[in-house]
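Chemist: Handing you a structure now.
The values are calculated or read from the model by the stated rules, or taken from the named source; none is laboratory data. The structure presented is a predicted model; accordingly, all values stated were derived computationally and were not measured. Quick reminder, even Gly has a Cβ in these numbers, built from the backbone with ideal geometry, and neighbours come from all protein chains shown. Just the protein is used for accessible areas: all its heavy atoms, side chains included, with ligands, DNA and RNA removed. Shrake-Rupley method; radii C 1.70, N 1.55, O 1.52, S 1.80 Å.
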Amino acid sequence: MPLDTTAFHNVINGELTSTAQTRHAINPANKEPNPEVPVSTQQDLDRAVTAAKEAFRTWSKTSYEERRKAILAYADSIEAAKDELTALLTKEQGKPLGQAGVEVGMAVTWARSLPTIEVPETVLQDNDDAKVIQRYVPLGVAGAIVPWNFPVLLAIGKIIPAVYTGNPVIVKPSPFTPYCGLKLAELAIPHFPPGVVQAISGGDDLGPLLTEHPGIDKISFTGSTATGRRVMASCAKTLKRVTLELGGNDAAIICDDVDLEKIIPNVAIFSFLTSSQICMMIKRLYVHEKIYDTFLDKFVSFVKNLPVAEGTAPDSFIGPVQNSMQYEKAKNLFSSIPTENLKTALGGTITDSKGFFIPPTIIDNPPEDSRVVQEEPFAPILPVLKWSDEDDVIARANASDSALAASVWSSDLDRARRIADQLHGGSVWINTHFQVSPFVPFGGHKASGIGTEWGLQGLTQYCNSQSLWIKKA
Ligand code: NAD
């Protein structure tokens with residue numbers, strides 16, 4: 001039976017539940033209301049935490065093999081609902097159907113791949129006196145706070161590591177995109193004991209209720225740096241474990257020896273995918289002065305042909321930005337184009353439309369201290385800047401509080417490696433950008449985050465390290 005995407009519930013203790021109050025988000029392509037969703041209260045959260053704590057007693061004792069089996073069956077259910085989830089994702093997030101399908105597909109891949117990673121026990125000492133084993137034990141109830149840009153992949157990227165390592169998880173989707181998150185928990189019901197995978201939706205006050213809750217042991221948060229600081233302060237009160245995946249202002253450095261025809265489509269896609277609302281998009285593009293003019297001409301020609309249309313249009317590449325808050329933020333940033341006397345190579349004006357559409361905009365060599373270089377736009381506006389000296393461009397790339405990721409593009413791999421080795425960021429790529437894998441830890445340096453998700457290291461962040469001493473004598 002196809003997944004019903006007309007009615008939405010919380011998932012608490014293995015059951016679909018409703019709340020007295022409901023709300024709805026909107027479809028950013030046409031501002032029409034999407035269906036009603038629950039507005040959860042402290043009592044709803046308390047019930048979910050109680051169920052999770054109860055579930056922890058047995059789930060934490062199941063074997064990795066049992067958990068893997070449950071997760072793989074869950075992955076099959078997500079895959080079976082791929083078409084419905086894809087359409088729902090476009091309707092709530094705005095991204096084109098093709099990109100939504102890729103996101104749902106990635107979620108299935110993550111669900112199938114993460115539980116193939118073995119979490120090791122390490123013998124640290126084994127002699128006549130004692131054997132000492134370091135191992136990872138589940139830590140308790142996890143709270144997963146998800147943003148609105150990748151509501152499916154980022155929810156699954158928290159659910160699977162939590163439950164695979166033996167922890168129940170309570171998912172809190174963004175109020176802007178609650179729909180797929182609730183459905184992902186609904187799809188989990190037949191595969192896990194009650195209380196293991198739960199989801200509750202609500203308004204802006206629900207996140208702080210999770211971070212304050214004494215019954216939650218870990219928060220995995222993905223969102224803005226400003227909110228991340230509040231999450232950490234709140235978690236400190238109960239000494240919750242925290243993983244913070246925060247904002248980025250990724251630099252890409254293009255050397256003068258690149259093959260322009262080859263790289264321009266990739267650089268453009270890694271700058272404007274999902275209307276640039278990805279933490280790890282190229283947000284500052286440094287191009288060597290020797291090729292700057294030619295690069296800019298070709299880049300603009302490519303980007304101006306990327307279709308801007310609602311996500312359901314067959315050839316759409318740039319959908320609307322996700323919400324009115326983001327749209328207004330973008331408008332405010334665009335207002336700096338005239339006030340800072342910036343030169344546009346493409347776009348530059350936002351005109352009213354039936355959705356939150358913003359044309360891709362390229363700023364030609366703005367000053368380093370302009371807002372568009374300094375701030376994370378999270379909208380399709382990109383500064384392209386000139387460089388000539390290698391040390392200088394590395395310093396400019398690193399001169400940011402954010403250090404989520406960075407890339408360098410060159411045909412000379414030794415040169416690229418020399419530059420890459422000096423760049424700040426949790427991920428550094430050569431001749432590409434925005435590469436992620438369930439097997440590769442991912443996280444930010446500096447104000448871009450604390451801790452990592454995915455890969456073995458990401459899994460162990462849902463565990464406590466325990467040292468077991470076995471005295472022999
Ligand atoms: P946001 O910080 O506004 O919200 C993120 C989530 O936190 C939402 O679910 C929200 O309801 C919740 N929240 C809000 N206030 C809270 C509080 N005080 N306590 C607890 N939870 C609270 O971020 P956003 O606008 O949804 O997402 C965009 C930002 O996320 C960008 O800066 C982007 O770079 C960043 N991001 C980072 C990554 C990463 O992995 N590093 C991935 C995607 C997005």
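Chemist: Keeping to region 232-272, report how many residues are in a loop (DSSP other than H, G, I, E, B) and away from the ligand (no atom under 13 Å from the Cβ).
Modeler: Total meeting the criteria: 7.
Chemist: Sticking with this structure for a sec: Please go through (1) open to solvent by 20 Å² or more (accessible area, probe 1.4 Å); (2) in contact with a Gly (Cβ under 9 Å, 6 or more places away or on another chain); (3) within 16 Å of the ligand (Cβ to nearest atom) for Lys283 and return the number of the only condition it doesn't satisfy.
Modeler: Condition not satisfied by Lys283: (1).
Chemist: On the given criteria, is Lys298 closer than 29 Å to Leu97 by Cα and out of contact with any strand residue (DSSP E or B) (no Cβ under 9 Å at 6 or more places or on another chain)?
Modeler: It is true that Lys298 is closer than 29 Å to Leu97 by Cα and out of contact with any strand residue (DSSP E or B) (no Cβ under 9 Å at 6 or more places or on another chain).
Chemist: Name the residues in region 175-206 that are open to solvent by 10 Å² or more (accessible area, probe 1.4 Å) and either within 16 Å of the ligand (Cβ to nearest atom) or in a loop (DSSP other than H, G, I, E, B) (or both), would you?
Modeler: Pro175, Phe176, Phe192, Pro193, Pro194, Gly203, Asp204, Asp205
This table checks each residue for (1) under 25 Å from Gly143 (Cα atoms); (2) of a type outside the set (Asp, Glu); (3) modelled with pLDDT under 95.
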| position | (1), (2), (3) |
| --- | --- |
| Met1 | no, yes, yes |
| Thr6 | no, yes, no |
| Glu15 | yes, no, no |
| Gln21 | yes, yes, no |
| Ala25 | yes, yes, no |
| Glu36 | yes, no, no |
| Gln42 | yes, yes, no |
| Thr50 | yes, yes, no |
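Chemist: Out of region 115-147, which residues are farther than 20 Å from Glu65 by Cβ and buried (at least 24 other Cβ atoms within 10 Å of the Cβ)?
Modeler: The answer is Val141, Ala142, Gly143, Ala144, Ile145, Val146.
Chemist: A further question on this structure: Filter region 438-454 down to the residues that are part of a loop (DSSP other than H, G, I, E, B), touching a residue at least 24 places away in the same chain (Cβ under 8 Å) and surrounded by fewer than 20 Cβ atoms within 10 Å (Cβ to Cβ) and list them by number.
Modeler: Within region 438-454, Phe439, Gly451 meet the criteria.
Chemist: Next up: Check region 69-85 and report whether any residue there is open to solvent by 30 Å² or more (accessible area, probe 1.4 Å), closer than 30 Å to Ile358 by Cα and not acidic (Asp, Glu).
Modeler: yes
Chemist: Could you please give the count of residues in region 288-347 that are assigned to a strand (DSSP E or B), in contact (Cβ under 8 Å) with a residue 24 or more places away in the chain and open to solvent by 50 Å² or more (accessible area, probe 1.4 Å)?
Modeler: 1
Chemist: Follow-up. Tally the residues that are within 15 Å of the ligand (Cβ to nearest atom), open to solvent by 10 Å² or more (accessible area, probe 1.4 Å) and over 28 Å from Arg284 (Cα atoms), restricting the search to region 208-231.
Modeler: 4
Chemist: Just checking, which of Ala52, Ala48 is touching a strand residue (DSSP E or B) at 6+ places or on another chain (Cβ under 9 Å), of a type outside the set (S, T, N, Q) and under 30 Å from Gly94 (Cβ atoms)?
Modeler: Testing whether each residue is touching a strand residue (DSSP E or B) at 6+ places or on another chain (Cβ under 9 Å), of a type outside the set (S, T, N, Q) and under 30 Å from Gly94 (Cβ atoms) leaves just Ala48.
Chemist: Which residue pairs have Cβ atoms under 7 Å apart, sit 6 or more places apart or on different chains, and have a first residue in region 255-273 that is under 19 Å from Glu289 (Cα atoms) and a second that is polar (S, T, N, Q) and part of a loop (DSSP other than H, G, I, E, B)?
Modeler: Listed pairs, sorted by first residue: Cys255/Ser410; Asp257/Ser410; Asp257/Ser411; Val258/Ser410; Val258/Ser411; Asp259/Ser411.
Chemist: Continuing with the same structure: Without any contact (Cβ under 8 Å) to a residue 60 or more places away in the chain, over 18 Å from Thr177 (Cα atoms) and in contact with a strand residue (DSSP E or B) (Cβ under 8 Å, 6 or more places away or on another chain) - does that describe any residue in region 65-84?
Modeler: no
Chemist: I need a count of the residues in region 353-397 that are more than 25 Å from the chain's Cα centre (by Cα), within 30 Å of Ile26 (Cβ to Cβ) and in a loop (DSSP other than H, G, I, E, B).
Modeler: Number of matching residues: 2.
Chemist: Here is a follow-up. How many residues are open to solvent by 30 Å² or more (accessible area, probe 1.4 Å) and over 27 Å from Ala313 (Cα atoms) when one looks only at region 15-49?
Modeler: Counting residues in region 15-49 that are open to solvent by 30 Å² or more (accessible area, probe 1.4 Å) and over 27 Å from Ala313 (Cα atoms) gives 12.
Chemist: Of all residues in region 414-437, how many are in a loop (DSSP other than H, G, I, E, B) and surrounded by 19 or more Cβ atoms within 10 Å (Cβ to Cβ)?
Modeler: 6
Chemist: Let me ask something else about it. Going by the conditions given, is Ala55 over 30 Å from Ala29 (Cβ atoms) and crowded, with 21+ Cβ neighbours inside 10 Å?
Modeler: Spelling it out, Ala55 is indeed over 30 Å from Ala29 (Cβ atoms) and crowded, with 21+ Cβ neighbours inside 10 Å.
Chemist: More than 15 Å from the chain's Cα centre (by Cα) and within 19 Å of Val242 (Cα to Cα): which single residue out of Thr116, Thr165 fits that description?
Modeler: After applying the criteria, what remains is Thr165.
Chemist: Answer yes or no as to whether Lys91 is away from the ligand (no atom under 16 Å from the Cβ), open to solvent by 20 Å² or more (accessible area, probe 1.4 Å) and touching a Phe, Trp or Tyr at 6+ places or on another chain (Cβ under 9 Å).
Modeler: Spelling it out, Lys91 is indeed away from the ligand (no atom under 16 Å from the Cβ), open to solvent by 20 Å² or more (accessible area, probe 1.4 Å) and touching a Phe, Trp or Tyr at 6+ places or on another chain (Cβ under 9 Å).
Chemist: Report whether or not Leu382 is in contact with a helix residue (DSSP H, G or I) (Cβ under 9 Å, 6 or more places away or on another chain) and over 30 Å from Val108 (Cβ atoms).
Modeler: Taking the combined requirement at face value, the residue satisfies it.
Table: residues versus (1) in contact with an Asp or Glu (Cβ under 8 Å, 6 or more places away or on another chain); (2) of a type in the set (A, V, I, L, M, F, W, C).
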| position | (1), (2) |
| --- | --- |
| Val11 | yes, yes |
| Thr19 | yes, no |
| Ser40 | no, no |
| Asp44 | no, no |
| Lys53 | no, no |
| Leu72 | no, yes |
| Asp83 | no, no |
